[in-house]
Amino acid sequence: MIYRFGDCEVDTKLMELRRSGAVHPIDPLGFDLLTYLIDNRDRVLTRDELLDALWPGKVVTDSALSSRLKSVRSAIGDTGSAQRFIKTVHGRGYRFVADLRDPARDASTTSSRFEAASGAHRALAVGRDTELGKLSRWHDRSLGGECAVVLISGDAGIGKTTLTRAFLQGAGKQSDVLLMHGQCVNQRGRSEAYLPLLEAIGRAGQQDADVRDLIARYAPAWLAQLPGLGDGTGTLSEDLAHGVTAGRMLRELSELIIAMARDRNVLLVLEDLHWSDPSTTDWLAYHARRSDPARLMLIATFRPDAPCVAVCRELAMRGYAHHLSLESIEEAYISDYLDHRLDHPPTPALAALTFRRTGGFPLFIDTLVDHWLHNGLVQRTDGQWGAAGDDEALLADVPENLAELIDQQLSSLNDEQRELLETASLAGSLFAAAAVAYALDKPEEGVESMLAHEARIGRLVCNAGEDHWPDGTITSTFVFRHELYRDALSDRIGAARRARLHLAIGERLERAYGDEAGPVAGEIADHFACAREAGRALKFFYPAALLTFNRSAYREAVAMVDRALALIGTLPESEETWRIERDLQLLRASASIFLEGWSSDLVETSYFRAKELAEKLGLENNAPEIYGIAAMYENRGSYTRSQDIIESLIQRSSG
């Protein structure tokens, strides 16, 4: 993209500033500052935001920003007094105010969570030049209509997200690109069908009317599952309720994505596929095999020990997808990595020591630098970062592995910080300040301020925008920088406290969503289940399972029903539990028919258990389980038994 103002041209592709047609010198950080100001010219940018954008996770002073702004103004022919291009808004921040001449239209669309969370991953993908080159070549081919599916694998913390977002920072700024992002999350025992895909297309539809029209035209079954775009019920309309199979769901989504990519460039990112629900993995396998021409690039990241590995390996072996397997960065790149991580280069000794301890593992390096800075173990001398004392003493202070280092880092938190972040770890990978505040029984504004401070520090969490709940609550949301931090915090919570916090979070979400709990019913059910409140959890398990069934995600529906049935076994029998179990058994029978056919043992077991419960409730006449049993026998070829059941029903009804 080229921005033109005054006698300047800012070329984001070539990373050049031109004055009157000639290349004008500007340092890389100054170029980043200038483009960030231009990209966000519709609002005032605070000093804190600019510091976070340019030096994420680094310890720098305000004077560093002032100095950089002065050099940028000089490079574009502006001054602090003239302020023709960059205006200082006293007490607030800065804004780019120049009129752009014929700027290329930037039609990129991003999810707010993706955009907000990317601040923690703005570091250059040091040592990944080969991988970035491959991504760029595959993207260039996709621009010509050759659809590209790219699978990026590597251990937790190896830099899959950093590589992906480093690539997207350039590719996503090209004109007429639709950037969609779906985040698979660790759902801790539950599996919400199509979660990352619903997130990606749902947000794209909310932000772009053309996309919404395409969803309605090519994927009506999906439109019914998007509360923000459809009728909000999470159920199919009457004309769609019959014949919407899992195959149709897969086909509709692929046709939608291809339709989107006919007239514009589409970048679809599915992060952390190792936590994907089976239906999302099924769609990826289905779509990768299609040969339709489309200006589409699909990127999926996953860990090499994930259930989806077999599918991804087959796609790569058969030529349906490209595969990048990430390893630790080489020692030669450690100095460059630290140079970008800090505000000045490291000494050779510090770079060598860092590699010696971390083996070039990016997350370990980042966490190690955080540890050194927080504890004053490194210092800047003569323009270089080095050990504050003896190198060997510095090495001796560092734990042997990443898990131990994270645990040591958490031990440095004060009691209030630890309580806050431990509670947040139970609220989810993406969590709301309002839910955390309720669980802690503290004012929302205070908790929101504390979390914002933690995000500003950038060690464990970062800001992810805001959320609007049906009860009118507007709350800030946050996301953990890495799931390993969340796991470490969660592991520190005792069983009794864990149950109490889950109960409070579940109650807050229940109050927030009320009768509109459909989209988060599974989440609420999980919190109550973890709180050992089986009765309250069951109220939400059935609508969550029904929503999943309506998405034709039958494996996930059966799994959710089985969890609910296990909870019922912990409760004393009552008419209420009989009704709930009957509904669940009927749903499991229907899902099992789609999965395994009428011969499935689950179909028979579920229908007969539902029949037993219907008799206890006095609902045996014209009950759906009776018709289900008759249909089961008919489809198994036992026509006489089927006919006897139907005739018996007719006699009882007429009597």
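What residues qualify as long-range amide H neighbours of residue 320, i.e. H under 5 Å apart, gap of 5 or more or another chain, H built at 1.01 Å from N?
none
Which entries in 58/442; 539/611; 539/616; 134/160 show an alpha-carbon gap greater than 25 Å?
As for pairs spanning more than 25 Å Cα to Cα, those are 58/442.
Within the stretch 1-80, list the trypsin sites (Lys or Arg not before Pro) lying in a DSSP loop whose Cβ has at most 12 other Cβ atoms in a 10 Å radius.
13, 43
From Cα pairs below 8 angstrom and at least 6 apart in sequence, can you work out the relative contact order of the stretch 21-93, rounded to a whole percent?
So the answer I get is 40 percent.
Compute the length gained on full extension between residue 325 and residue 411: take 0.36 nm times their separation in residues and subtract their Cα-Cα distance, giving the result in nm to one decimal.
27.6 nm
Could you tell me how far the Cα centroid of the stretch 568-641 sits from the Cα centroid of the stretch 53-79, in Å?
Each part's Cα centre sits 68 Å from the other's.
Scan the chain and hand back the longest stretch that contains none of the GluC sites (Glu not before Pro) lying in DSSP loops with at most 13 other Cβ atoms within 10 Å.
1-237
Helix 62-75 sits at what angle to the longest principal axis of the chain, using alpha carbons and giving 0 to 90 degrees rounded to 10?
The two axes meet at around 70 degrees.
For the stretch 566-583, in order, what is each residue's ³J(HN,Hα) by Karplus, 6.51 cos²θ - 1.76 cosθ + 1.60 with θ = phi - 60°, in whole Hz (x at glycine and Pro)?
5, 5, 4, x, 8, 10, x, 5, 7, 4, 5, 5, 5, 5, 4, 5, 4, 4
Expressed as an acute angle from 0 to 90° and rounded to the nearest 10, what is the orientation of the C-alpha long axis of helix 129-143 relative to the principal long axis of the chain?
Taking Cα atoms only, the helix is inclined about 60 degrees.
Please sort 370-383, 348-361 by packing, taking for each peptide the average over its residues of neighbouring beta carbons within 10 angstrom, highest first.
Most protected by this proxy first, the peptides run 348-361, 370-383.
Let me know the charge dipole size of the chain about its Cα centre in debye, to the nearest 20, where only the beta-carbon of Lys, Arg (+1) and Asp, Glu (-1) is charged.
With Lys and Arg at +1 and Asp and Glu at -1, about 1240 debye.
Against the longest alpha carbon principal axis of the chain, how many degrees, from 0 to 90 and to the nearest 10, is the axis of helix 362-374 turned?
Long axis of 362-374 versus the principal axis of the chain: about 60 degrees.
What are the residues whose amide H is under 5 Å from the amide H of residue 179, where those residues sit 5 or more places off or on another chain and H is modelled from the backbone?
Answer set, sorted by chain and number: 109, 267.
Given bins 20 angstrom wide, list per bin the percent of all Cα-Cα distances in the chain, short to long.
16, 47, 29, 7, 1
Tell me, what is the 1.4 Å probe accessible area of residue 453, in Å² to the nearest 10?
About 100 Å², rounded to the nearest 10.
Work out from phi, with θ = phi - 60° and the Karplus expression 6.51 cos²θ - 1.76 cosθ + 1.60, the ³J(HN,Hα) of each residue of the stretch 644-649, listed in order in whole Hz, and give x for Gly and Pro.
Each residue of the stretch 644-649 in turn: 4, 5, 5, 5, 5, 5 Hz.
Just by accessible area at a 1.4 angstrom probe, what is the order of 222, 385 from largest to smallest?
Highest to lowest solvent-accessible surface, that is 385, 222.
Divide by every residue of the chain the summed helix terms, -39500 (n - 2.57) for each DSSP H run of at least 4, and state the resulting mean residue ellipticity at 222 nm, rounded to the nearest 500 deg cm²/dmol.
-16500 deg cm²/dmol
Using 0.36 nm per residue of separation minus the Cα-Cα distance, give me the extension gain between residue 156 and residue 599 in nm, one decimal.
Contour length minus the Cα-Cα distance gives 155.3 nm.
May I ask for the Rg/Rh ratio of the stretch 534-655, computed from Cα atoms with Rh as the Kirkwood radius, given to two decimals?
Result: Rg/Rh = 0.99.
At R0 = 35 Å, how high is the FRET efficiency between residue 11 and residue 313 if r is their beta carbon distance? Nearest 0.05 is fine.
0.30
The values are calculated or read from the model by the stated rules, or taken from the named source; none is laboratory data. This one's a predicted model, so the numbers in the text were calculated from it and none came from an experiment. Using ideal geometry, Cβ is built from the backbone for each residue, glycine included, and neighbour counts are taken over all protein chains shown. What goes into the accessible areas is simple: the full protein's heavy atoms, side chains included, and nothing from ligands, DNA or RNA. Shrake-Rupley method; radii C 1.70, N 1.55, O 1.52, S 1.80 Å.
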